[in-house]
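Working notes, structure below.
The values are calculated or read from the model by the stated rules, or taken from the named source; none is laboratory data. Every value quoted in this text rests on a predicted model; they were computed, and no experiment measured them. Virtual Cβ from ideal backbone geometry, glycine too; neighbours counted across all protein chains shown.
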Amino acid sequence: MKPRLPGDARIWQIAFQAILLTVGVLARDFSLAAAQMALCFAAGLAAQALWVRALGLQGVGFLSAAITCFGLSLLLRADSLWVHPLAAALAVSAKFTLRVGAKHLFNPANLGVIAAVTLFPGAWISPGQWGSDLALAAWFIALGGLVASRAQRADTSWVFLAAYLGLAGLWTLWLGKSLDSWLHHLQSGALLLFAFFMISDPMTTPNRCSARVLHALAVAALAFAWQFAFFRPNGLLWALFFCAPLVPLLDRSLPGARFRWDGAAQPAATIARKDSWSTAR
């Protein structure tokens, strides 16, 4: 009898992020101090524990909080020790406070990064730290696709990538640039990390497939405009942040079965208020 693989997509995501962070620190010399990472995880997990206890929640673990801390460690850079823990505490707390129905409004890691670079001095995003290694991109696709599929949100990842890279390809042709310029986007580790581990978060994407397609197209279009029309950096993260309010609107207009980490998808109308807090995991 074959051993059963873990069914919770968050376990796969944590394993992949841990490997990626380890390789980045050791092989690509990420400008991340061990103390920054340790404080980030301490603050994020502590915030999760405090909210769970304050709200008297049952069956709410720490997997999602750990994913948020990994995301902040991978994306956020700072010249002080206090930025990462503050961003982690804010991001995790937002899961319990900024909610619409049974969902948190913002992707926690996305919100934490945006809040840090906006509010905290000495914080920045380092998308160029991944390099453009084609082999690295292939690993992002293979492992990221596994996680997205197990979370039942692979459609969001692939639609977003197709739309964003398609727009970038048309832009490249219009400017008369070479194919290498377009391939540079395809080989971006930051783009693939975003596509498979941020925009595909089942707790902050629409419930219905058609709604997720519309959301992915909106994020891709805004990210492209931010990056190529307005010439502003970090278009992916800002686009997801600004498109977050679209999710509850799409869920209302195009209702679908609500995602649960335990695999039991239920229509929104059948879930009680107490059960809605279980999605904070």
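Exactly one condition in (1) part of a helix (DSSP H, G or I); (2) touching a residue at least 40 places away in the same chain (Cβ under 8 Å); (3) surrounded by fewer than 20 Cβ atoms within 10 Å (Cβ to Cβ) is not met by Gly59; state its number.
(1)
A quick yes/no check of all residues on (1) touching a residue at least 60 places away in the same chain (Cβ under 8 Å); (2) crowded, with 17+ Cβ neighbours inside 10 Å; (3) not in a helix (DSSP H, G or I):
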| position | (1), (2), (3) |
| --- | --- |
| Thr156 | yes, yes, no |
| Phe160 | yes, yes, no |
| Tyr164 | yes, yes, no |
| Ala168 | yes, yes, no |
| Lys177 | no, no, yes |
| Ser181 | no, no, no |
| Arg212 | no, yes, no |
| Ala221 | no, no, no |
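With the checklist (1) surrounded by fewer than 19 Cβ atoms within 10 Å (Cβ to Cβ); (2) in a helix (DSSP H, G or I) in hand, flag the one item Val92 doesn't pass.
(1)
Spot the failing condition for Asp251; the list is (1) closer than 30 Å to Gly189 by Cα; (2) in a helix (DSSP H, G or I); (3) at pLDDT 90 or above, and only one is missed.
With respect to (1) closer than 30 Å to Gly189 by Cα; (2) in a helix (DSSP H, G or I); (3) at pLDDT 90 or above, Asp251 is out only on (1).
From the residues in the stretch 27-56 that are of a type in the set (S, T, N, Q) and part of a helix (DSSP H, G or I), which one is nearest to Gln13 (Cα to Cα)?
Checked the stretch 27-56; the qualifying residue nearest to Gln13 (Cα to Cα) is Gln48.
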